[in-house]
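K.L.:
Sending over a structure as structure tokens; questions will come in a sec.
Nothing in this text is a laboratory measurement; each read-out follows from the coordinates by a stated rule. This one's a predicted model, so the numbers in the text were calculated from it and none came from an experiment. Cβ placement follows ideal geometry from the backbone for every residue including glycine, while neighbour counts extend to all protein chains displayed.
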Amino acid sequence: MCGIVGSISTKTNIIPILLDGLKTLEYRGYDSAGLSYIKDGNLTINKVKGRVKDLEKNIKKDAFSNIGIAHTRWATHGKVNEINAHPHHVGKITIVHNGIIENFNKLKHKLEDKGYKFKSESDTEIATGLLDYYYNKYQSIDKAIQKFIKKVDGSYAICLILDNEDAIYVIKKDSPLIIGKGKDENYIASDVPAILKYTKNYYILEDYEYGKVTNEKITIYDKDGNIIKKELKEYQGSTRTSDKGIYEHYMLKEIMEQNTTIRKTIDPYISSINDLLKLPDLTKYERIDIIACGTAMYAGLAAKYLFEEYTNTKCEVFLASEYRYQNNFLNDKVLSIFISQSGETADTLAALKKVKENKCDSLGIVNVKESSIARNIDKVLYTEAGTEIAVASTKAYTAQVALLSTLILAHAYRKQIFKEEKIIKILEEFKNIDQILKPILENTDLYKKIADEIYEKNDIFYIGRGLDYALAMEGALKLKEISYIHSEAYAAGELKHGTISLITQGTPVFASATNKKINSKTISNLKEVISRGAKCYLITDEDFKDNSIQLIKIKKVSMFLKPILTVIPYQLIAYYTAKLKGCDIDKPRNLAKSVTVE
Ligand code: F6R
């Protein structure tokens, strides 16, 4: 989603730093970009609809400045165009903003009554106007910011420059923002990677805090203007930027990495029962709630099946966007598990705040270290998927499922439902995941053949029962998000209650049948759609022969590994289908990697 970069320096030209930072954030998804800087008291603003490289062409070759702010915009209020792009400038104030100003309409009318005129449809221009209004009124930017925090509803990470001051101001609520500390120069960013080339040291702003950044000093205040002492963090991960290596797309690279990322994630827990028991003890809880969005939520649905089937523990799964506005029936016997790759998803973070307000226990399954969810949750278990660049999540999903599976195994052991020998056998399979996945990852010809059969279709269905239904949802999401083919998942038994009317000659239907207790039922449902002309594809570990169904065979493994083995063919079929359609696989239209607005 939107990205922010800012920098102020004693001597260095900050324009290349800003452009470089924006390029690092590009994979998060955006539709326009802009940059503003001050030189000898003169403000310049460059904005484009399109890519950072277009913005770069727009900036004068000899442009030089020691202070500037920049932005990539993912449109929320107003069309994708140059006028709505950030920075916005009103009076003496220029800002870039991530988030949504929810009461912008009311504020707009008030400001218009005071004589302000706005050019764009953007809520950010209203925020700029409001800051300018208070700045003029109080003749103090501190006072203006404090008043702004009181008056504005919604989410914001704001980076602000004044026409007449060598400082950058930052304000934060419900959208991430960090301040990087350098030598004779400082940086601001919505995400740490944007400034890692220049510094590993940074401060994290919390909600309702604001800061003043000059080339030599960083001061952070609470909402009333009191100075706050903050811990200077040091980034611990690798500063090497990820590249595609031998692969044409990040998505393919990330799919192919799964043999190592899964193992890395669960490695601390699979050597012995003692190691497994390093995972948190869940026995005091009567109910597990899992809260997440998109693919992370589908990982939660797979976990629900395993929790309920193998540990006899009630597990509910919620979309974070719904959870935050419903009755959650929380008590101290409920553990809320939050799953997130980015650790910044606005709805998931808001749902976590609700659980914390209710003083109930929370556990995070998070990929990005030190992200907002990781910092705010009671306890965090990190997935070790590494940086996921492609917008469509693949290796993060399998790492989440693997980590949840080990957590559930530990729970089954503690509840004495699984005996030691059984656990050890499953752990052995996890240790062998690399070898188990090899044939699945290498089955390229079959995936390409299937992609060739489906890429011109308009509607595709995914079905399954139990765990396979949860996997069907992830399969359908992967295909639709990167190939733009309409695809839907259904519980296999549900088709004939309405949706089967959409099955016509040649409609592709995918299914997985990986649970011998109910496989024959799913296969009967496939037969029903075949009778109506569907072309069927079945992922299964069964020795099953049927000329009317294209089989995708996977190895027989424990149920705890099945989500991983089943989803990978779905990921690769989606990838090759999108490739045949010539889609922008790593950056699908309209999508953003980190969804930091509601
Ligand atoms: C789909 C996808 C999204 C994310 C969702 C949650 O491929 O990537 O559905 O899973 O936006 O994001 P995180 O996991 O960052 O909270």
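K.L.:
Below 17 Å, Cα to Cα, which aspartates and glutamates can Lys555 reach? Residues fewer than 8 away in the same chain don't count.
P.N.:
List returned: Glu428, Glu429, Asp434, Glu442, Asp468, Asp541, Glu542, Asp543.
K.L.:
What share of Cα pairs, in percent, lie more than 28 angstrom apart in the stretch 439-598? Mind showing how you got there, number by number?
P.N.:
On the way: 2105 of 12720 pairs.
Beyond 28 Å sits 17 percent of the P(r) for the stretch 439-598.
K.L.:
A further question follows. Would you please classify the overall shape of the stretch 298-363 from the alpha carbon gyration tensor, given that a ≥ b ≥ c denote the square roots of the eigenvalues, rounded means a/c under 1.5, and beyond that prolate means a/b larger than b/c while oblate covers the rest?
P.N.:
Working: a/c = 1.91, a/b = 1.28, b/c = 1.49.
Oblate.
K.L.:
Expressed in nm to one decimal, what extension gain is obtained for the pair Asn103 and Lys57 from 0.36 nm per residue of sequence separation less their Cα-Cα distance?
P.N.:
Result: 13.0 nm gained on full extension.
K.L.:
Which shape class, rounded, prolate or oblate, goes with the stretch 226-306 when its Cα gyration tensor gives a ≥ b ≥ c as root eigenvalues, a/c under 1.5 marks rounded, and past that a/b bigger than b/c marks prolate?
P.N.:
It comes out oblate by the Cα gyration axes.
K.L.:
Need one number: nm distance between label points at Asp445 and Lys183, each 7 Å from Cα along Cα→Cβ, rounded to one decimal.
P.N.:
Inter-label distance under the simple model: 5.8 nm.
K.L.:
What order do you get for Leu111, Leu580 when you list them from fewest to most C-beta neighbours inside 10 Å?
P.N.:
Sorted ascending by nearby Cβ count, the order is Leu580, Leu111.
K.L.:
Place a point 7 Å from the Cα of Glu357 along the Cα-to-Cβ direction; which residues of the stretch 276-317 have their backbone N under 14 Å from it?
P.N.:
The answer is none, because no backbone nitrogen lies closer than 14 Å to the label point.
K.L.:
Among the listed pairs Lys516/Lys581; Lys23/Lys143; Lys253/Lys480, which are separated by more than 27 Å between their Cα atoms?
P.N.:
Pairs exceeding 27 Å: Lys516/Lys581; Lys23/Lys143.
K.L.:
I've got another one for you. Can you quote the Å³ per residue value for the convex hull of the Cα atoms in the stretch 229-367, rounded to an integer?
P.N.:
Enclosed volume per residue, from the Cα hull, is 175 Å³.
K.L.:
Using θ = phi - 60° and the Karplus curve 6.51 cos²θ - 1.76 cosθ + 1.60, what whole-Hz ³J(HN,Hα) does each residue of the stretch 272-277 get, with Gly and Pro shown as x?
P.N.:
Computed from phi, the couplings for the stretch 272-277 are 7, 4, 4, 5, 4, 6 Hz.
K.L.:
Using the Karplus curve 6.51 cos²θ - 1.76 cosθ + 1.60 with θ = phi - 60°, work out ³J(HN,Hα) for each residue of the stretch 513-524 in order, rounded to whole Hz, and write x for Gly and Pro.
P.N.:
So the Karplus estimates, Gly and Pro as x, are 9, 10, 10, 4, 5, 10, 4, 4, 5, 4, 5, 4 Hz.
K.L.:
Can you list the residues, at least 5 places off or on another chain, whose amide H is less than 5 Å from the amide H of Val380, using H built in the peptide plane?
P.N.:
Gly364
K.L.:
How far is it, in nm, from the label point at Ile45 to the one at Asp378 when both lie 7 Å from their Cα along the line to the Cβ?
P.N.:
Those two pseudo-labels are separated by 4.7 nm.
K.L.:
Net charge near Glu26: determine it from the other residues with C-beta under 9 Å of the C-beta of Glu26, scoring Lys and Arg +1 and Asp and Glu -1. Walk me through the numbers on the way to the answer.
P.N.:
Values: positive: Lys23, Arg28, Arg51, Lys587; negative: none.
With Lys, Arg at +1 and Asp, Glu at -1, the neighbours total +4.
K.L.:
Right, something else. Would you mind checking which residues have amide H under 5 Å from Ile188's amide H? H placed 1.01 Å from N; only 5 or more apart, or other chain.
P.N.:
Long-range HN contacts for Ile188: Gly6, Ser7, Gly180.
K.L.:
Run through the stretch 329-412 and list the chymotrypsin sites (Phe, Trp or Tyr not before Pro) located in a DSSP loop whose Cβ has at most 16 other Cβ atoms within 10 Å.
P.N.:
Answer in residue order: Phe329.
K.L.:
What relative contact order, as a whole-number percentage, does the chain give when Cα pairs under 8 Å and 6 or more residues apart are counted?
P.N.:
Relative contact order comes out at 12 percent.
K.L.:
So if I take the centroid of the Cα atoms in the stretch 87-110 and the same for the stretch 404-439, what is the distance between those two points in Å?
P.N.:
Here the two parts' Cα centres lie 52 Å apart.
K.L.:
Please compute the length gained on full extension between Glu112 and Glu322, using 0.36 nm multiplied by the number of residues separating them and subtracting their Cα-Cα distance.
P.N.:
Extra length available between Glu112 and Glu322 comes to 72.1 nm.
K.L.:
What FRET efficiency comes out for Ser531 versus Gln236 if R0 is 56 angstrom and r is the Cβ-Cβ distance? Round to the nearest 0.05.
P.N.:
Details: r = 57 Å, r/R0 = 1.02.
With a Förster radius of 56 Å, E is 0.45.
K.L.:
With a point put 7 Å past each Cα toward its Cβ, work out how far Ser140 is from Leu277 in nm, to one decimal.
P.N.:
6.0 nm
K.L.:
Decide, for the chain, between rounded, prolate and oblate: order the square roots of the alpha carbon gyration tensor eigenvalues as a ≥ b ≥ c, take rounded if a/c falls under 1.5, and otherwise choose prolate if a/b is larger than b/c, else oblate. Please report the intermediate quantities before stating the final value.
P.N.:
Numbers: a/c = 2.06, a/b = 1.71, b/c = 1.20.
Judged from the Cα gyration tensor, the chain comes out prolate (a/c at least 1.5, a/b above b/c).
K.L.:
Residue-wise, which Karplus ³J(HN,Hα) couplings in Hz belong to the stretch 338-355, taking 6.51 cos²θ - 1.76 cosθ + 1.60, θ = phi - 60°, and x for glycine or proline?
P.N.:
Values, residue by residue: 10, 10, 7, 5, 6, x, 10, 4, 4, 5, 5, 5, 5, 5, 4, 4, 5, 4 Hz.
K.L.:
Turning to a different aspect of this structure: Nearest-5 percent of antiparallel DSSP beta bridges in the chain?
P.N.:
60 percent
K.L.:
May I pose another question? So between Gln550 and Thr219, what do we pick up on full extension, going 0.36 nm a residue minus the alpha carbon distance?
P.N.:
Answer, rounded to one decimal: 112.8 nm.
K.L.:
Quick check on my link table: of Lys284/Lys425; Lys278/Lys419; Lys79/Lys173; Lys359/Lys379, which ones sit more than 19 Å apart, alpha carbon to alpha carbon?
P.N.:
Beyond 19 Å: Lys284/Lys425; Lys79/Lys173.
K.L.:
Taking amide H positions as placed 1.01 Å from N in the peptide plane, with prolines and chain starts having none, which residues 5 or more places from Lys79, or on another chain, fall under 5 Å of its amide H?
P.N.:
For Lys79, no residues qualify.
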